[in-house]
Amino acid sequence: MTPQQLLDAHPDVRILSVDLFDTLVTRSVAQPTHVFALMERDLLARDGTRWRGFAGARVLAERRARRTTAAVSEHADVAIQDVMRELACAIVLSPAERRMLMQLEMETELSVTRPVGFGVSLVAEARRRGLGVLVVSDNYMPSSHLAEVLRTAGMDVAQGDIVVSCEHGAMKHDGSLWPVVLGRAAVEAGKVLHVGDLNDADGSHPRRFGIRTHVEPAMRESHREPLNTAPSVLPLSVIEAANRDRGTDAAGNLATGALALVVAGQVLDAVRAVHDSAAVGVHFTSRDGWLAHRAYEHVRRENPGLPAATYSAVSRSLVWRASLGRMDETAASRFVGDDECLSLVRLGARVGCTLLGPKDVPVDGMLDAEAARKVLVANATAVEAACRDLRERYVGYLRSQGLLQPGHHVLVDLGWSGSVVAGLARMVTEESAGAATCEGRFVALYWDATPQRRHLPINGLACDELRPLEDNMRLLGVLRLFEALITAPHGPVEDIRSGEALFGEVIAPSLNGGDWTELADQVVSTATDIVLGRHALVRPGDVTGEVVWAALMQAGHTPTQREVELLSALRHETSVDHGGDGEPVVAPAVLGDSGDTAATYDRLLRHHWLQGSLVSWATRGESVSVVREIQGHQHWTGPVWVTG
């Protein structure tokens, strides 16, 4: 509905009442509390670590101030002075620092103020029709400051026409402010139209007083958890704010926001590694390196001094089989998951040879995990021979990719334990008699990465096993999502063939490739612009490990409802042989009275996108109790990921 159509629908209205934030004005950051992240960034530049964690402390101070005020008055709202008083107690502020912070917050708010097109046009149309205009806001800032906010956004509203909760001891969201608004309007309630973005504060509450209402919630749909505010969120925040203002859909927002920052981080980290080690080769692993390889090649065209990079076939299936020395019980457990049930034919395809099974099991019969592992051990001679043959082909392939060239090589991958890349590095070292060395450059690693450090130098850009345990768990909760998103449109490599097409890759079908091909171009284009310094909002120096971590967490740990709905169509390829239908990234909902919650939590963590599943389930009444129980027992699953 256009502003003209909205006002035409209410011809008897004499006063237009309009909410302020997210209706008339917005900010050039995605979340309101990211204003405090901007303040923290400026404060840290002034005085080092004195102000680290300020943004989160500022959010918590406001919450404490609201609790204190609510204990004294049921309807009163806090003022900025109340917030600063609580903040002073929490982080020990002098009176001069309190005044400085209050002034800095006002200045920062003004610096990020932007008009909302619909709201501005609505006010202009109302005035053209001779209607009175009031601005109504639940806010801790005084009306004098809000008038300045409006002027900054290009709207001139008299201070007397601004009704703000902190000045009247009443609030929109509990309905107590609306009698004040009607008194200021000086017309009967039915001749007032209020427009805002919240269904209760701007809809049901004013309607109780007879005020007409219209709710436009679009500007709020991108909001995430307010406590996740720190300077590291700002690069993604400004991108998401620009996308919000352009009306970019959820897919485009992910592609040009979180995913582009992760891929830019991969490329920048690879370039740094090349410069630091004078590497002779850069190798992006399939499939996690497909997007980064494309972006790297764009960057290399403008920086020809960078070495050429390969996009090389790497998968668990290839590396595990090519590295196999002996098929014993330990090796068999790697090839068959604890909860798998396989046919003899599929088990044979998993290790690249025909297997002889138990006499009482038909070829098309199913084997549980224990039985399948016994079959592998019983067929050890055939399996080991098939793996030796694969190794010969794979070594030839690696040689054709330049990975056996003497010198240092950089291997670029997402993560997560680094075991597959470590296995590849061992093979390169063995086959080159130590002449070729490798290092792994990963977006993120969790605690299982420690043993791999014996085999190759590894770097976790956004996270490694040395981060707090809760961060390691948060990474586990989102990695299935990013494996399904930061990937190639083609399927995984399941074998290497030789012959006329020398050392060609044998590609398995992909579960998601066709659906996400269009996103890939947006990710690569945006990441390239960031790395080359052409992006309008984010510079190459902005993309630190903490910034990449923030991108992973904002999108993966605190997804919006629109993102969860979009990504529920994705499936994750889980098996070693890349067969089967995989697992849905967003798990099917579990009813509150069915199953073991601990087992449900474990299944989500191992096989699905945990946070996306919890967000999805929280919208279903019959699953809410499961979500609450998981979050109660595993507090890290709550939406707050910023720590300190």
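The values are calculated or read from the model by the stated rules, or taken from the named source; none is laboratory data. Computed from a predicted structure; not experimentally measured. In this analysis, Cβ positions are derived from the backbone assuming ideal geometry, glycine residues included, and neighbour counts consider all displayed protein chains. For the accessible areas, the whole protein counts, side chains as well, though only heavy atoms, and no ligand, DNA or RNA atoms are used. Shrake-Rupley method; radii C 1.70, N 1.55, O 1.52, S 1.80 Å.
Just to verify a number: FRET efficiency for A433 and D521, C-beta to C-beta distance, R0 = 25 Å, to 0.05?
For A433 and D521, the calculated efficiency is 0.05.
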(request) Return a whole-number percent for the relative contact order of the chain, with Cα pairs under 8 Å and 6 or more residues apart as the contact set. (result) 13
(request) Please sort 398-411, 44-57 by packing, taking for each peptide the average over its residues of neighbouring beta carbons within 10 angstrom, highest first. (result) 398-411, 44-57
(request) Can you pull the one-decimal nm distance between simple spin-label points at L104 and L356, each 7 Å off the Cα toward Cβ? (result) 7.7
(request) Pop a pseudo-label 7 angstrom from the Cα along the beta-carbon direction at both H173 and V624 and give the gap in nm to one decimal. (result) 1.8
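At a 1.4 Å probe, what is the % contribution of carbon and sulfur to the accessible area of the chain?
On the chain, the fraction of accessible area on carbon and sulfur atoms equals 51 percent.
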(message) List the residues, sorted by chain then number, that are 5 or more residues from V412 or on another chain and whose placed amide H is less than 5 Å from its amide H.
(response) H283, F284, T285, R441
(request) Please work out the FRET efficiency for the pair L537 and R46, using the Cβ-Cβ distance as r and a Förster radius of 22 Å; give the result to the nearest 0.05. (result) 0.40
(message) Nearest 5 percent is fine: what portion of the DSSP beta bridges confined to the chain is antiparallel?
(response) 25
(request) Skip the ligands, DNA and RNA, and give the accessible area per residue of the stretch 62-108 with a 1.4 Å probe, whole Å². (result) 55
(request) Provide the per-residue ³J(HN,Hα) series for the stretch 326-335, in order, calculated from phi with Karplus coefficients 6.51, -1.76, 1.60 and θ = phi - 60°, each as a whole number of Hz, with x at glycine and proline positions. (result) 9, 8, 10, 4, 5, 5, 4, 5, 6, 8
(message) Which residues does the label zone of D364 cover in the stretch 316-350, counting backbone N under 18 Å from a point 7 Å along Cα→Cβ?
(response) 342-349
(request) With label points built 7 Å along Cα→Cβ from the Cα atoms of T2 and D200, find their separation and express it in nm. (result) 3.6
(message) Using only DSSP helix segments of four residues or longer, with each worth -39500 (n - 2.57), what per-residue ellipticity at 222 nm results for the chain after dividing by its residue count and rounding to 500?
(response) -14500 deg cm²/dmol
(request) Work out from phi, with θ = phi - 60° and the Karplus expression 6.51 cos²θ - 1.76 cosθ + 1.60, the ³J(HN,Hα) of each residue of the stretch 380-396, listed in order in whole Hz, and give x for Gly and Pro. (result) 3, 4, 5, 5, 5, 5, 5, 6, 5, 5, 4, 4, 4, 5, 5, 5, x
(message) Multiplying the sequence separation of A589 and T152 by 0.36 nm and subtracting their Cα-Cα distance, what value in nm do you get?
(response) 152.7 nm
(request) In whole Hz, with x marking every Gly and Pro, tabulate ³J(HN,Hα) for the stretch 241-248 from phi via Karplus 6.51 cos²θ - 1.76 cosθ + 1.60, θ = phi - 60°. (result) 5, 5, 5, 4, 5, 8, x, 5
(message) Less than 28 Å apart at the alpha-carbon level, and either on another chain or at least 8 residues along: which lysines does that give for K359?
(response) K374
(message) List the residues, sorted by chain then number, that are 5 or more residues from G407 or on another chain and whose placed amide H is less than 5 Å from its amide H.
(response) A436, T437
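In Å, what Kirkwood hydrodynamic radius results for the stretch 260-339 from the alpha-carbon pair distances? Let's see the in-between values first.
Values: mean 1/r = 0.0680 Å⁻¹.
Value: 14.7 Å, from the Cα pair sum.
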(request) Any lysines with Cα under 25 Å of the K191 Cα? List them, leaving off those in the same chain fewer than 8 positions away. (result) K172
(message) Could you work out the percent of alpha carbon pairs in the chain separated by over 31 Å, rounded to a whole number?
(response) 59
(message) Skipping prolines and chain starts, which residues have an amide H placed within reach, meaning under 5 Å, of the one on T213, given they are 5 or more residues away or on another chain?
(response) H194
(message) If each residue of separation counts as 0.36 nm, what is the full-extension length gain between R399 and R207 once their alpha-carbon separation is subtracted?
(response) 61.8 nm
(request) Report the dimensions of the stretch 327-371 along its three principal axes from the alpha-carbon atoms, largest first, rounded to Å. (result) 25, 21, 15
